[in-house]
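The values are calculated or read from the model by the stated rules, or taken from the named source; none is laboratory data. The structure displayed is predicted, hence computed values, not measured ones. Glycine also receives a Cβ, built like all others from the backbone with ideal geometry; neighbour counts cover every protein chain displayed. When the accessible area is computed, the model is the full protein with side chains, heavy atoms only, and any ligands, DNA or RNA have been set aside. Shrake-Rupley method; radii C 1.70, N 1.55, O 1.52, S 1.80 Å.
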Amino acid sequence: MSTHDAEQIKKVVHGLFDGKGDPTILDYICGVLEDEHFEFGEQGEEAYDAIGPFLIDGHCVKNDDDAREACRMLAEKLSLRATASVPTVRALETGPVQLSKADSRAVLYQEQSYRHLIQTPFGDEGKAAPMSEKDRAKFEKRAAKEEEAVRKVLAAHQARAAHSLQGDIPTIIRNKGGGGLRDVMLESFSLSNGGKELVTDATVMLAFGRRYGLIGRNGTGKTTLLRALAGHDIKGIPSNCQVLHVEQEVVGDDTPVIEAVLACDTERTELLKEEAELMKALNRDRKDVAASAAAAAAATAGAKDAATTANGSGGDASETAMAARLVAVYQRLQEIDADGAEARAASILAGLSFDADMMRRPTRTFSGGWRMRVALARALFVEPDLLLLDEPTNHLDLHAVLWLEDYLVKWPKTLLVVSHAREFLNVVATDILHLHSQKIITYKGNYSVFEKTMTERLRNARKAAEAQDAKRKHVQQFIDRFRYNANRAALVQSRIKALERMAEVEVMEEDPEYVFSFPEPEGAAAPPIIGFNDVSFGYPGGPLLFKNLNFGLDLESRFAIVGPNGIGKSTLLNLISGKLQPTQGSITRNTRVRLATFSQHHVDGLDLALTPLQVMARTFPDAKEPELRGHLSSFGVPATLAGQAMYTLSGGQKSRVAFAKMTFTKPHILLLDEPSNHLDIDAVNALIQGLATFKGGVLMVSHDQFLIESTVDELWMCEEGHVTPFHGTFDEYKQRLRARNKM
Ligand SMILES: Nc1ncnc2c1ncn2[C@@H]1O[C@H](COP(=O)(O)OP(=O)(O)OP(=O)(O)O)[C@@H](O)[C@H]1O
Ligand SMILES: Nc1ncnc2c1ncn2[C@@H]1O[C@H](COP(=O)(O)OP(=O)(O)OP(=O)(O)O)[C@@H](O)[C@H]1O
């Protein structure tokens, strides 16, 4: 086969997409097609397998059907080259590992490619397969090229995502006309992402003033739905309906936090600026203006010319006009309660745990988590017609969660919130939208009501299906028995028709039950495993976070640490794991003990250009493929997902990968920092059941009431430099917190 003509390929590809699509992705696609072993397939089906997802991801085409059609056309236009090819599949000289046609595909979408990242390539049984030096060199060269290409695609993807998320500062919109928003009716819409169909022909009604909890398994498309709503991409959202999606943290700069929130009221900001300029020009202060405004109001009542009255001084015409404008500005500021805005912004920020000093600090001095809270504060301040929140409690401490619950319960407009937190949904939601099997079903009531209704509905549907089955069988038996009986021919015919008319009872597909299976700790470890002896700790130059801590941990330990943000919970986990050393005192540690930590930091640290299987293979190069696959699958990462690039995974799917990675070493002690963040409700159940049978010790930082109550024996409160047991239930702890904060 001849080498493909790069120029021709470029011309065809660019001609076909006619300026559409991400240039990096188009270049990448050209590179793939240039490969001398590339196969298009007769109708372009192989080309689709290789580049279809990129075409969608790179916005070259709109959907899966268009991607297939584009690949068919590419095959047609470049078919001369295709027919010139000799071998369809080029096999390596030896061994079962083939540089199959899939090899020229992007590493993202093929499971086979992870093999090149593992030192010893696997055969079918996961055994090392012999490979010649020459082939190995070729194999590695191509693998490196593929990885480079994927990183380019990833960079383009990230740049696009960052750009689309940047958005403008949300603003308060007043007097938008049109009688304001009422209900939102989303009729017959479908959604897909990366070629994956997520929602098919759904109809959803969002009634004004109701609060919807959107639930569904990880990766079913909840975030995708919120993004589509925020972008007004679904028909049915009135154009004057302000939709706000809190997705990205505010940009860190020199703006003080409170100003970053107040900036959303652009009308106020502009009026205040104009007021200041006018006062300066007229050499007035606010008191003068207030008096003039009062006079103007009285004059208006007396049907006189307000401007003349307001000016008072009888100066020249431009001064008169400026004075009149100043009065108008002042009156408008009063109408929009400009003076009350700061207090309102401050009260929202205080609810989200910012103290007065923090509110005055520039946004750049805050971590991502805190800047996310500023974004949330902005949205609450703006009060859009339809507020979209994506797992808001993940960024908050318990105090802020309780405040947010109270705030949202009084939300005067429509709310759509994605959450996996039962307690939060029970308090906040008036309705539940369940995204399942690409359908969205609305249930009245909060999460508990939904759970009961679902169970009931499933039970009834199953009963109805069983009854229908029995009836079918009975009719069928009659037909079989009398089929050849002439006397009953008419009856048999009518039964056959009846059987055809009998509708199938639709039973909702149930999600399979699964459990996170934490491997049994390997190797005996005698207590005490970890002992804190008069430990004190403070970061260099910072205050002492802990004073004289004394406690021990062993394989029986089941503790949850609770406390406000920034008190030092993560620091404590780092002291236990040995990542940090005490400033005073000592920590004894059994050297044979393996500890494993899970945190959002670990989730964020996953290499986005790799697939879950590649991540595992790189971290555990000696492990066998089936073992890695099996382990991933036991944390809810099935084979299809294991071969998909990490950057295409949803938040919860990534968390599962991090879980699989941390438990592969069979640790004795699990240190879990907010483990249930991002996990869907079934996965939290799977985690709870997994922890129940885990043979090691567990120490978690969490504010997830359901998780804590189902897994730990004791609550530890982290406050004022001490870690002390709390002798009470989680509800009692919440009451204490509410009482303390006078909520
Ligand atoms: N390029 C791609 N190729 C294949 N699948 C993709 C691609 N991009 C996104 N996806 C899939 O689309 C789905 C989108 O998930 P989305 O983030 O909307 O889910 P979610 O319901 O919000 O999940 P979670 O509960 O975990 O936050 C995921 O299943 C993801 O794997
Ligand atoms: N590497 C560091 N250097 C200096 N100060 C730090 C460092 N890491 C954390 N801190 C500070 O130490 C304090 C405790 O932080 P830590 O992250 O342990 O708190 P936390 O209770 O886990 O908070 P959160 O719930 O927000 O994760 C905070 O004031 C934080 O700003």
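Quick notes
- Legend: residues Glu39, Glu451, sorted from most to least accessible area (1.4 Å probe; ligands, DNA and RNA excluded), read Glu451, Glu39.
- Under 24 Å from the Cα of Lys661 - lysines, other chains or at least 8 residues apart: Lys127, Lys569, Lys579, Lys624, Lys695
- Degrees between helix 368-382 axis and first principal axis of the chain (Cα, 0 to 90, nearest 10): 60
- FRET efficiency, Glu277 to Ser190 (Cβ-Cβ, R0 35 Å, nearest 0.05): 0.10
- His601 paired with Arg481, simple spin-label distance in nm, labels 7 Å along Cα-to-beta-carbon: 7.4
- Ligands, DNA and RNA excluded, the heavy atoms of Thr724 present near 60 Å² of accessible surface to a 1.4 Å solvent probe.
- Applying 0.36 nm per residue to the separation of Glu7 and Glu466 and subtracting their alpha-carbon distance, the gain on full extension is 158.9 nm.
- Stokes-Einstein D for segment 407-455, Kirkwood Rh over Cα pairs, 10 °C, 1.306 mPa s (µm²/s): 140
- Helix 447-482 vs. the chain, principal-axis angle (Cα, 0 to 90°, nearest 10): 30
- Rough spin-label spacing in nm, given labels placed 7 Å along Cα→Cβ, for Asn240 and Thr430: 2.2
- Ordered by solvent-accessible area of protein heavy atoms (1.4 Å probe), largest first, the residues Arg211, Arg360 come out as Arg360, Arg211.
- Principal-axis analysis of the Cα atoms of the chain puts helix 133-166 at an angle of about 30° to the longest axis.
- Prolate/oblate/rounded label for segment 495-619 (Cα gyration tensor, a/c 1.5): prolate
- Order by protection proxy (mean Cβ within 10 Å, highest first), peptides 656-662, 197-203, 727-733, 628-634: 656-662, 628-634, 197-203, 727-733
- Among beta bridges that DSSP assigns inside the chain, antiparallel share in %, nearest 5: 50
- Eigen-decomposition of the gyration tensor built on the alpha-carbon atoms of the chain gives equivalent ellipsoid semi-axes of 50, 38, 33 angstrom, largest listed first.
- Gain in span if fully extended, Asp339 to Tyr539, counting 0.36 nm per residue against the direct Cα distance: 67.9 nm
- Treating r as the C-beta distance of Ala291 and Tyr407 and R0 as 25 Å, the FRET efficiency rounds to 0.05.
- Cβ-Cβ distance of Leu499 and Thr640, R₀ of 41 Å, FRET efficiency by 1/(1 + (r/R0)^6): the value works out to about 0.65.
- Sorted from greatest to least, the principal axis extents spanned by the alpha carbons of segment 449-501 come out as 56, 16, 9 Å.
- Within the full protein context, the accessible area of Lys473 is estimated at about 140 Å² for a probe radius of 1.4 Å.
- For the chain, the relative contact order works out to 13 percent when only alpha carbon pairs closer than 8 Å and six or more residues apart are counted.
- Space enclosed by the convex hull of the alpha-carbon atoms of segment 530-740, per residue, Å³: 134
- DSSP-defined beta bridges in segment 584-729 - what % are antiparallel, rounded to 5: 35
- Net length gained if the chain between Gln158 and Arg558 were fully extended (0.36 nm per residue, minus Cα distance): 140.1 nm
- Of Glu405, Glu319, Glu513, the residue with the largest accessible area leads and the full order is Glu513, Glu319, Glu405 (1.4 Å probe).
- Projected label distance in nm at Lys134 and Asp66, using a 7 Å step from Cα toward the beta-carbon: 4.6
- Carbon plus sulfur fraction of accessible area for the chain, probe 1.4 Å, in percent: 50
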